[in-house]
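Since the structure comes first, as structure tokens, the remarks are kept for the end.
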Amino acid sequence: MTDTPSLSLYVHWPFCLAKCPYCDFNSHVRDDIPHRRFTTALRQELAYDAARTGRRRLRSIFFGGGTPSLMQPETVALLIEDARRLFDADPDLEITLEANPTSVEQAKLQAFREAGVNRLSLGIQSLDERALRFLGREHSAPQAIAALETARALFPRLSFDLIYARPDQSLADWESELRQALALASDHLSLYQLTIEQGTKFEALYRQGQFALPEDDDAARLYEKTAEIAALFGMRDYEISNYARPGAESRHNLTYWRYQDYIGIGPGAHGRLTLNEGLLATRRHRAPEIWAERVEQRGSGSTDECPLSPEERGREALLMGLRLREGISLDWFTARTGRELRDCVNAVILEAALEEGYLTLDRARLIATDEGRVRLEALLGALVL
């Protein structure tokens, strides 16, 4: 590891208009959002971390949530200004903000662009009205299309999310929906398979038999069709759930997958920071009001900070890096974790995966093949020690 590694900044805005039934993110619905209090607290926590990291090079800023497009544009502008002042920002600093396609949020897009946001990530999720209702989304398909068109005109870079493997979703319907979305905005696509997360509304409904999800083979066909259609629009799956035109990859998310340093501020935010103690795992309190109170009292809402052992670093680097089409550099892995890659994997599983064509390994990199990426979750569970 270098003495002063560059870093990225993640800002978590925890509030939403409504809680989606599939979502297990740290999001909260409030009748009255305390904007002033949370703006002050976020700025204070950013200053706290900047004071201990020093003046490092800043690669990217990502406003996530929750629903960060519910933030006041003035808050976004202030945090961007603070980050540029506290760190040495890249000349082409990537600044992403997540937004939903509701009419309320669409009306603010111009103000976010003026605040400094240069990349928008739209939570479209579907262009099918029935699917949107099932997913508990607050927008309609026409609103989603209008938001894509508006965002494309305002922002130099645009991404959107879709959820697939929904109940009763056919291959033909998915292909039609995907083609329509990519024709509107085809710079970057984040694709997520619908899964049942613990503690969500969908978990209860699923257990009650209220709906069923596609079989694994059917979900795999939907996934494979996505790569085929995306390729027609000049996009490739540079990460297992993300597709982009060359040069449009998310620099911020590459920070996570390449296991580099990032600051996480706001309720529930996580971070990985190289300090004198080594590589620290940081975590903020999840409850918004308790987080804000802690920041007001001591400058940070941290609940836990601990140095990661070489074994922990190795595990995290593998779990993140094998998601990337580029795989993992063996030299980088050793420098970042303090361990040889082969010491962090099950040797028997590694040899079997290489023989089956799920992985490739040479003197430079370990890479998951297309066949391996389809079954990556199971592969990682068996491979990583």
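The values are calculated or read from the model by the stated rules, or taken from the named source; none is laboratory data. Computed from a predicted structure; not experimentally measured. Positions of Cβ are generated from backbone atoms using ideal geometry, with glycine treated the same way; all protein chains shown enter the neighbour counts. Quick note on the areas: whole protein, heavy atoms, side chains included, nothing else; ligands and nucleic acids left out. Shrake-Rupley method; radii C 1.70, N 1.55, O 1.52, S 1.80 Å.
What does DSSP give for the chain in terms of the percent of beta bridges that are antiparallel, rounded to the nearest 5?
Numbers: 25 of 59 bridges.
Looking only at bridges with both residues in the chain, the antiparallel portion is about 40 percent.
Among Arg56, Arg313, Arg298, the largest mean-square fluctuation in a Gaussian network model of the chain, built with springs joining Cα atoms closer than 10 Å, belongs to Arg298. Cysteines in the chain lacking any other cysteine Cβ under 4.7 Å from their own Cβ: Cys16, Cys306, Cys344.
Counting Lys and Arg as +1 and Asp and Glu as -1 over every other residue whose Cβ lies under 9 Å from the Cβ of Asn100, the net charge comes to -2.
Between the residues Gly372, Leu383, Leu330, the greatest Cα displacement towards the positive end of the dipole of the range 325-385, with unit charges on the Cβ of Lys, Arg, Asp and Glu, is found for Leu330. If you take the Cα centroid of the range 118-154 and the Cα centroid of the range 341-385, the two points sit 37 Å apart.
Each residue of the range 210-223 was assigned a 3J(HN,Hα) from its phi angle through the Karplus curve 6.51 cos²θ - 1.76 cosθ + 1.60 (θ = phi - 60°); the sequence is 6, 7, 10, 9, x, 5, 4, 5, 5, 5, 5, 5, 4, 5 Hz, with glycine and proline shown as x. What the phi angles of the range 317-324 give under the Karplus curve with 6.51, -1.76 and 1.60, with θ = phi - 60°, is a coupling list of 4, 5, 4, 7, x, 6, 6, 7 Hz, glycine and proline written as x. Per atom type, the chain shows carbon and sulfur on 48% of its accessible surface, probed at 1.4 Å. With a/c under 1.5 counting as rounded, go ahead and sort the range 108-266 into rounded, prolate or oblate using the C-alpha gyration tensor (a ≥ b ≥ c being the square roots of the eigenvalues; past the cut-off, prolate if a/b is larger than b/c, else oblate). Rounded shape, in that the Cα axes give a/c under 1.5. Backbone phi angles across the range 54-60, fed through the Karplus curve with coefficients 6.51, -1.76 and 1.60 (θ = phi - 60°), yield HN-Hα couplings of x, 7, 8, 6, 9, 8, 7 Hz in residue order; Gly and Pro are listed as x.
Quick check on the range 206-354: take the gyration tensor over C-alpha atoms, sort the square-rooted eigenvalues as a ≥ b ≥ c, and tell me if it's rounded (a/c under 1.5), prolate or oblate. Walk me through the numbers on the way to the answer.
Numbers: a/c = 1.78, a/b = 1.29, b/c = 1.38.
The shape class here is oblate.
Within straight-line reach of Lys19, meaning a Cα separation under 19 Å, sit the following aspartates and glutamates at least 8 residues removed in sequence or on another chain: Asp31, Asp32, Glu98, Glu105, Glu129, Glu138, Asp161, Glu197, Glu203, Glu289.
Rounded to the nearest 20 debye, what is the charge dipole size of the chain about its Cα centre when +1 sits on each Lys and Arg Cβ and -1 on each Asp and Glu Cβ?
Values: 47 positive and 58 negative charges, 221 e Å.
Charge dipole of the chain: 1060 debye, to the nearest 20.
Residues whose amide H comes within less than 5 Å of that of Trp13, counting only those at least five positions distant or on another chain, are Gly64, Gly65 (H built at 1.01 Å from N in the peptide plane). Taking all protein chains as shown and a probe of 1.4 angstrom, His28 keeps an accessible surface of around 40 Å².
According to the Kirkwood expression over distinct Cα-Cα pairs, how big is the hydrodynamic radius of the chain, in Å? Each step should come with its number before you reach the end.
On the way: mean 1/r = 0.0457 Å⁻¹.
Hydrodynamic radius (Kirkwood, Cα only) of the chain equals 21.9 Å.
From the Cα gyration tensor of the range 28-116, with a ≥ b ≥ c the square roots of its eigenvalues, which class applies: rounded if a/c is under 1.5, or else prolate if a/b is larger than b/c, or else oblate?
On the way: a/c = 2.39, a/b = 1.47, b/c = 1.63.
Oblate, since a/c reaches 1.5 and b/c is not below a/b.
Select from Leu232, Leu178, Leu254 the residue whose mean-square fluctuation is largest in a Gaussian network model of the chain (Cα-Cα springs shorter than 10 Å). For the chain, modelled as a Gaussian network with Cα springs under 10 Å, the answer is Leu232. Computed over the alpha carbons of the range 188-290, Rg followed by Dmax gives 18.4, 52 Å. For the chain, the residue among Asn26, Ala230, Gly54 whose Cα projects farthest onto the positive side of the dipole built from Cβ charges is Gly54.
Quick check for you: with a 1.4 Å probe and neighbouring chains kept, what is the accessible area per residue of the range 1-157, in Å²?
On the way: 6510 Å² over 157 residues.
Result: 41 Å² per residue.
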